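What follows draws every value from the coordinates through simple rules; no lab data is involved. No experiment lies behind these values; they were computed from the predicted model shown. Here Cβ is always computed from backbone atoms with ideal geometry, including for glycine, and neighbour counts include all displayed protein chains.
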Amino acid sequence: MRDGAGQTDDEATAPARRGAGELEAAVLEVLQHGGAPLSPGEVRERIGGDLAYTTVVTILSRLHAKGVLDRRKSGRAYYYLPVADEPGLAARRMARVLDEGQDREAVLARFVSALSESDEELLRKMLADGEGG
Amino acid sequence: MHVAIYLPLVIPLLAAVSARTLADRLPPAAATWLLTVSALALALASSAVLGLLALSALIRLPVVDAVGHLSRSAVAHDDAVSVPVAIAAGALLVAAATAAGKAGWRRVRSIVRAHRHASGLPGAGEVVVTEDVDADAYTVPGWPCRIVITQGMLRALSAGEQGVLLAHERTHARNSHYLFTALARLAAAANPLLRPVAAEVGYAIERWADERAAAEAGDRTLAARAIAHAALASAAAPPERVTAVTALGLIAQESGKPGPVPRRVAALLAPPPGLSLLLLVAAIALVAVSGASVVEAARNLHQLIELAQGQPV
């Protein structure tokens, strides 16, 4: 299963009502609570719904490519699990996947939001003024 | 029916233009509550008015007249709402209900997912420090909420500034701030005129957490510096985090006033806002007028129906 090759056929097979980010998050959830490496078939079962097997495989290999999942080969199938946690690395990557959902800002309370260029200049000026005065 | 019935449709516009002033001038906790409750009340009122307008057309249908034993001449004579207006109102109401339903469902799912994410985070403590070099810090809603801070963020801040960051995120966690944003956005989904109000609720909870952190540190300037340093450090992170949504936000910002971060810093460098009773009363009065005109319109419609049924009014 090539990671790049799966992209376009995934867009076609994924049910239109669920975005790609949402599906990734759902798959991650299953693996995080799975307790053991899972095969695509097992992931598909636990997610429920009407996902195509190929869609699950594509999502798993895409997450693997992103470095969020590890996989082990056993027999002819790959078994997937969240990457071993160098403290919290997977946590952060999961948050990035959550980010892709539309409700991002409303769910995760970020300390600081993104800056525009003029904001950045303004902030530097404010800090410089503070040091001068 | 009187012109007053249309007031709840106009008042959200007033709320939209005054939301920013309220968020700037009131103490942030008061502003958060006021804006959230107002958004919900105004969304309810405008939906109720749409419903009443649609109903007033419904009672003109021969079928409804027959079932309700209404006098057609009384209905036609007394009701000032034209049929096209009523049909438009009905369509808007259906659109509003659908949008609110969808947004609510999506939000509930996001929150549930975040809760699971929070419980899946490593360790058992409230704060999770990741070894990530990119500066980032956020609170994930859950039971309990978890606070994620990256090494990159800790490195960008002095010890005092780290204290401000922690106090800020803890304020979000302790006060379930995500519920305010969720409710305000629900109101904005039902009535898009309220979107600026929902945006200001998002800003007001940040200010709430800023003010609380500044009070705990006993140093407003330190709190301002913590936010400025954290924002500049986050801005240096790789651009992959800029999703389409944030990119759109940035484009909107470029064209106008400073974004939320400089606004927060400036607010901390100024004295804390006192409780302005005048503003508070004015805002509550607006919402009350909205509610009163819904009640009045409902009473009028009820009277009309009773009249048409030949009962004493």
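Side notes on the structure shown:
- Efficiency of FRET between B:Gln309 and B:Ser82 - r from beta-carbon atoms, R0 22 angstrom, step 0.05: 0.45
- Under 15 Å, Cβ to Cβ, from B:Ala283 - net charge with Lys/Arg +1 and Asp/Glu -1: 0
- Peptide B:101-110 has a mean of 3 when you count, residue by residue, the C-beta atoms of other protein chains within 10 Å of its C-beta.
- Rotationally averaged projected area of chain B (alpha carbon convex hull; nm²): 19.5
- Simple label model, 7 Å out from Cα along Cβ direction - B:Tyr6 to A:Asp70, nm: 6.7
- In this label model, B:Lys257 and B:Arg109 are separated by 3.5 nm, measuring between points 7 Å along each Cα→Cβ vector.
- Coupling constants for the range B:288-298 follow from the phi torsions by the Karplus curve (6.51 cos²θ - 1.76 cosθ + 1.60, θ = phi - 60°), and in residue order they are 5, 4, 4, x, 5, 6, 5, 4, 4, 5, 5 Hz; glycine and proline get x.
- For peptide B:199-208, the mean count of partner chain Cβ atoms within 10 Å of a residue's Cβ comes to 1.
- Sequence-separation-based contact order of the range B:3-308, relative, with Cα cut under 8 Å and 6+ spacing, percent: 30
- B:Ala159-B:His302 FRET efficiency (beta carbon distance; Förster radius 60 Å; 0.05 resolution): 0.40
- With a Förster radius of 35 Å applied to the beta-carbon distance between B:Leu179 and B:Ala124, the computed FRET efficiency rounds to 0.90.
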